[in-house]
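Student: One structure, as structure tokens, below. Some questions next.
The values are calculated or read from the model by the stated rules, or taken from the named source; none is laboratory data. All values reported here derive from a predicted model rather than from experimental measurement. Cβ placement follows ideal geometry from the backbone for every residue including glycine, while neighbour counts extend to all protein chains displayed.
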Amino acid sequence: MQHKYSQDNYAASGQRDLATLIDHIRLRSFPHALAEYLHSLCRFDTMLMVTFKKSFKPIILYPTDPAEQSPTLHTYVNKAFILDPLFNAIQNSEIPAVSRLIEIAPDSFETTEYYQSCYKNFDLVDEINLVIELDNSITCAISLGRKSSLGTITRAELNRLQEIYPVINSLVRQFWISQSQEYVQYEKSDGAMKQALSSFGSGVLTRREQEISGLILQGHSSKAIANMLNISLGTVKVHRKNIHTRLNTSTQSEIFTLFLAHLNELEAASGNSLSA
């Protein structure tokens, strides 16, 4: 009988928490209320709520307090997101509504310079993502990060997130309808981003080498690239050797540095053309 009482209390508490969240649906405080509600379902150390639109820079919906935005988060939002497995899975429409990063990341993700120089600094052992399509071009991603003290997510917690997802999906969509104009003013042009992705190595690399260099930076192994492009493993290895020769590099880290420098040049040129 005591067990049933506890379950009833838990259910009643969950309904009250959900009602509180609904009360915030048309307010700027909704993301904060959502973080508190999700905490009642799943333990996490960090929460990031952003919108992705094509190759535009992400817009942060939570946390909005600058004191809670680390230098690593700024690096991610300004540049490194282009190589994020979550961002690329969304761009390719290859992601479940609720998933763990380990399920969508490339097979060599932890060897990438993006992981080593950016993602690793978040100090997470698990990341759970809820993905919500706001319209045909904009997607919202809610990332719940767990550090070593919490360990990986439990099956019970993951089940609770999956069960409540349809409700969260509807509430976030309604919040965006109400508040989107408050955020799109911060939208940064995707011109330089889009151009960087398509023009890196232009005039030096062949189109196939450009394609493979992008996959390498995202964290795909030679074997995975061979399978994705339907070419032999030996061919991929030859392309990788040619890429290093043409770019005068010897490591993935050096390719990553060149890519960021290329992006910086394009952003500077874009800024000069706007001010001219």
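Student: Only residues that are in a loop (DSSP other than H, G, I, E, B) and either of a type outside the set (D, E) or touching a helix residue (DSSP H, G or I) at 6+ places or on another chain (Cβ under 6 Å) (or both): list them for region 37-62, please.
Tutor: Within region 37-62, S40, L41, C42, R43, F44, K54, S55, F56, K57, P58 qualify.
Student: Now for a different question. Every residue in region 153-187 that is polar (S, T, N, Q) and more than 20 Å from L101 (Cβ to Cβ), please.
Tutor: Residues satisfying the conditions are S170, Q174, S178, Q179, S180, Q181, Q185.
Okay, residues lined up against (1) loosely packed, with under 14 Cβ neighbours inside 10 Å; (2) more than 15 Å from L34 (Cβ to Cβ); (3) modelled with pLDDT under 95; (4) not assigned by TED's automatic domain parsing to the domain that holds H32:
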site	(1), (2), (3), (4)
I128	no, no, no, no
I132	no, no, no, no
I153	no, yes, no, no
E157	no, yes, no, no
L161	no, no, no, no
S170	yes, no, no, no
F175	no, no, no, no
S180	no, yes, yes, no
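Student: (1) of a type in the set (G, A, S); (2) modelled with pLDDT under 90; (3) under 11 Å from the mean Cα position of the chain (by Cα): which one isn't true of A105, the others all being true?
Tutor: (2)
To keep it simple, each residue is scored yes or no on (1) buried (at least 18 other Cβ atoms within 10 Å of the Cβ); (2) over 13 Å from S143 (Cα atoms).
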{"position": "D45", "(1), (2)": "no, no"}
{"position": "K57", "(1), (2)": "yes, yes"}
{"position": "H74", "(1), (2)": "no, yes"}
{"position": "L83", "(1), (2)": "yes, yes"}
{"position": "Q91", "(1), (2)": "no, yes"}
{"position": "P106", "(1), (2)": "yes, yes"}
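Student: Tell me which residues, restricted to region 227-240, are under 25 Å from the mean Cα position of the chain (by Cα), hydrophobic (A, V, I, L, M, F, W, C) and modelled with pLDDT of 90 or more.
Tutor: Within region 227-240, just L229 meets the criteria.
Student: Just to confirm my filter: which helices (runs of 4 or more DSSP H) fall fully inside region 63-157 and include at least 2 residues that are of a type outside the set (D, E, K, R), farther than 24 Å from K223 by Cα and out of contact with any helix residue (DSSP H, G or I) (no Cβ under 9 Å at 6 or more places or on another chain)?
Tutor: Of the helices (runs of 4 or more DSSP H) lying wholly inside region 63-157, those with at least 2 residues that are of a type outside the set (D, E, K, R), farther than 24 Å from K223 by Cα and out of contact with any helix residue (DSSP H, G or I) (no Cβ under 9 Å at 6 or more places or on another chain) span 71-78.
Student: Looking for something at pLDDT 90 or above, farther than 16 Å from N121 by Cα, in the same structural domain as V131 (by TED's automatic domain parsing) and in contact with a His (Cβ under 7 Å, 6 or more places away or on another chain) - is there at least one such residue anywhere in region 75-86?
Tutor: Looking for residues that are at pLDDT 90 or above, farther than 16 Å from N121 by Cα, in the same structural domain as V131 (by TED's automatic domain parsing) and in contact with a His (Cβ under 7 Å, 6 or more places away or on another chain), one finds none in region 75-86, hence no.
Student: What are the residues in region 15-36 that are without any contact (Cβ under 8 Å) to a residue 12 or more places away in the chain and part of a helix (DSSP H, G or I), if any?
Tutor: Result: Q15, R16, A19, D23.
Student: Sticking with this one: Does R146 fit the bill of being at pLDDT 90 or above, out of contact with any Phe, Trp or Tyr (no Cβ under 7 Å at 6 or more places or on another chain) and charged (D, E, K, R)?
Tutor: Answer is no for this residue.
Student: If S13 meets every condition in (1) at pLDDT below 85; (2) within 20 Å of S70 (Cβ to Cβ) apart from one, which number is that one?
Tutor: Of everything listed in (1) at pLDDT below 85; (2) within 20 Å of S70 (Cβ to Cβ), S13 misses just condition (2).
Student: Let me ask you something else. G203 fails exactly one of the following numbered conditions: (1) farther than 27 Å from P58 by Cα; (2) modelled with pLDDT of 90 or more. What is the number of that condition?
Tutor: The single condition G203 does not satisfy is (2).
Student: It is to be established whether one or more residues within region 249-271 are in a helix (DSSP H, G or I), out of contact with any strand residue (DSSP E or B) (no Cβ under 6 Å at 6 or more places or on another chain) and either at pLDDT 90 or above or in the same structural domain as D84 (by TED's automatic domain parsing) (or both).
Tutor: Within region 249-271, not a single residue is in a helix (DSSP H, G or I), out of contact with any strand residue (DSSP E or B) (no Cβ under 6 Å at 6 or more places or on another chain) and either at pLDDT 90 or above or in the same structural domain as D84 (by TED's automatic domain parsing) (or both).
Student: All but one of (1) within 25 Å of A33 (Cβ to Cβ); (2) touching a strand residue (DSSP E or B) at 6+ places or on another chain (Cβ under 9 Å) hold for A89, so report the exception by its number.
Tutor: (1)
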